[in-house]
Amino acid sequence: METRTNRQQKSLETKNKLIDAALRTFSRKGFKESTTKDIAKEAGVTDGLIYHYFQSKEDLLWAIFEKYTLLDSLEETVSRLDSNQPLQHNLTIYFQSLFRSLDESQDLIVMCFGEAQRNDDIRRKIQEIIGRGAELLVTFLEPKVRIGRRELSIAVRNLQTAMVFHFLTVDRFMEGGKARQEYIEISVRQLLKIIAE
């Protein structure tokens, strides 16, 4: 039984190694231009091994989304927000967490937004993830604000989308956290003006 457990662990490690290699390859070359040979080379394995774990390059793509979802960390952050603290404090914590998650998943974010230009399925998946992330925060905020759920949802989704875009185009190229923190603080104040009226 112990041998089987070790074998299962090794299998999981190999699968994760392939997913990570696919993410780096897709991020660098694009999904369409990447081949299973490219992924295998990146992972340091034979390309036939990929088909032991995945039926296709597309299966690898969806495995990347499953492994690197940002929603888990955002869900955890929302669960730790303190209702007794001011909204500004909680929103700042939430958006700091969002940026940390973006930092940790930079290859995924770059790949997704590059591929979203060419792949409707990826574009829909990104919209779904942003929407679900926004709904986590909306559910927390709704009892504390005066505007309706629909307006709140649109405001949160718009800000979250803007922050991801800001990360992609500006933030990830900057050094130091002072500019990021200032961006978060200004964005939070603007959101509060909209939702607290």
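The values are calculated or read from the model by the stated rules, or taken from the named source; none is laboratory data. Since this is a predicted model, take the numbers as computed values, not measurements. We place every Cβ from the backbone using ideal geometry, glycine too, and count neighbours over all the protein chains shown. In case anyone asks, the SASA skips ligands and DNA or RNA and just uses the protein heavy atoms, side chains included. Shrake-Rupley method; radii C 1.70, N 1.55, O 1.52, S 1.80 Å.
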Practice task
For Asp47 and Asp103, calculate 0.36 nm times their separation in residues minus their Cα-Cα distance, and state this gained length in nm to one decimal.
Solution key: 17.2 nm
Completion exercise
Reported to the nearest 10 Å², Asp47 has, with a 1.4 Å probe, an accessible area equal to 50
Exercise for the section: For region 39-50, take each phi angle, set θ = phi - 60°, evaluate the Karplus expression 6.51 cos²θ - 1.76 cosθ + 1.60, and give the result in whole Hz per residue in order, putting x for glycine and proline. Expected result: 5, 4, 4, 4, 7, x, 10, 7, 5, x, 5, 4
Problem - Heavy atoms of Arg124: accessible area, 1.4 Å probe, square angstrom to 10 - result: 130
Completion exercise
Of Val110, Val156, ordered by accessible area with the largest first and a 1.4 Å probe, the sequence is Val110, Val156
Handout entry: Top of Gly44, Gly133, Gly30 by mean-square fluctuation, Gaussian network on the chain, Cα under 10 Å
Key = Gly44
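For the chain, with only Lys/Arg (+1) and Asp/Glu (-1) charged at the beta-carbon, what is the dipole magnitude about the Cα centre, in debye rounded to 20?
Charge dipole, the chain, about its Cα centre: 160 debye, nearest 20.
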Exercise for the section: Using θ = phi - 60° and the Karplus relation 6.51 cos²θ - 1.76 cosθ + 1.60, list the HN-Hα couplings for region 79-92 in order, rounded to whole Hz, with x at every Gly or Pro. Expected result: 5, 9, 5, 9, 4, 7, 8, x, 4, 4, 4, 5, 5, 4
Exercise for the section: Determine which lysines satisfy two conditions relative to Lys17: a Cα distance under 21 Å, and not lying fewer than 8 residues away in the same chain. Expected result: Lys29, Lys32, Lys37, Lys41, Lys57, Lys67
Handout entry: Qualifying lysines (Cα of each under 22 Å from Cα of Lys193; at least 8 residues distant if same chain)
Key = Lys144
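Once the mean 1/r over all distinct Cα pairs of the chain is inverted, what Kirkwood radius in angstroms do you read off? Intermediate results must be reported in sequence, preceding the final value.
Working: mean 1/r = 0.0539 Å⁻¹.
The Cα-based Kirkwood calculation yields 18.6 Å.
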Exercise for the section: Specify the residue with the greatest mean-square fluctuation among His89, His52, His166, computed from a Gaussian network of the chain linking alpha-carbon atoms under 10 Å apart. Expected result: His52
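In whole angstrom, how long is each semi-axis of the equivalent ellipsoid of region 1-93, when you take the square root of 5 times every eigenvalue of its Cα gyration tensor and sort them from largest down? Please report the intermediate quantities before stating the final value.
Details: eigenvalues 247, 78, 16 Å².
Listed largest to smallest, the semi-axes of region 1-93 are 35, 20, 9 Å.
Given a 1.4 Å probe and heavy atoms of the protein chains only, how would you sort Ile129, Ile154, Ile50, largest accessible area at the top?
Of Ile129, Ile154, Ile50, the descending order of accessible area is Ile154, Ile129, Ile50.
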Problem - Rg(Cα)/(2.2 N^0.38 Å) for region 137-197, N = residue count - result: 1.24
Exercise for the section: Compute the length gained on full extension between Arg7 and Ser56: take 0.36 nm times their separation in residues and subtract their Cα-Cα distance, giving the result in nm to one decimal. Expected result: 15.3 nm
Problem - Area accessible to solvent at Lys17, 1.4 Å probe radius, in Å² - result: 100
